[in-house]
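No lab work stands behind these numbers, since they all come straight from the coordinates. Source: prediction; values computed, not measured.
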């Protein structure tokens, strides 16, 4: 039970950063026998598609401003994809359990996606491209580590996801507040007050 909860929580939160890498890693873990992953995620066509989409995101995510467009589109895609993963991973539960797994996974993805998207907007104000590349690589490594932790040590993974949830929410609220204040200063300057 805790293994399934860990996979739902870990993959949900990580999907907000990179849904396609999560899907690919779950498929690899299932194929390698590292975790009990539903067969649909280990299918060759699913793994190839998630690999291709991960490769596209890997490149797009490192290009300033293009990553913001990608994130805007994925504000819907990542939470819905995470919800689908949650439902599939929670499939051993009753129908209500799978629905709850979908909602929790989608909400976790929305939280991490919000933190990622707001952080990227701030990073794109920097004239150099290295902060984007560094953030993107750190996100990809973080996704791999979180999925690995969810498989290897489920209890610790659930605790880590809880900490990440609080930290990402606080970061998003802080960045949005800072942006709102900055926008207010720009409006005041433009209007001459």
Discussion item. Tell me the relative contact order for the chain as a rounded percent, counting alpha carbon contacts under 8 Å between residues six or more apart.
Written reply: 33 percent
Discussion item. What do you get for the angle between helix 44-60 and the principal long axis of the chain? Use alpha-carbon atoms, 0 to 90 degrees, nearest ten.
Written reply: 20 degrees
Worksheet item: In degrees between 0 and 90, to the nearest 10, how far off the longest principal axis of the chain does helix 66-89 point, with axes built from Cα atoms?
Response: 30 degrees
Practice prompt. Consider just the alpha-carbon atoms of region 40-148 and return their Rg together with their Dmax, both in angstrom.
Written response: 15.3, 51
Discussion item. Considering only C-alpha atoms, what is the centroid distance from region 2-47 to region 118-190, in Å?
Written reply: 22 Å
Discussion item. Between helix 154-191 and the chain, what is the angle of the helix's C-alpha long axis to the longest principal axis, kept within 0 to 90° and rounded to the nearest 10?
Written reply: 20 degrees
Worksheet item: Which value, in Å³ per residue, describes the convex hull spanned by the Cα atoms of region 101-193?
Response: 98 Å³
Worksheet item: How long are the three semi-axes of the equivalent ellipsoid of region 21-63, in whole Å, if each is the root of 5 times an eigenvalue of the C-alpha gyration tensor, listed from largest down?
Response: 22, 10, 6
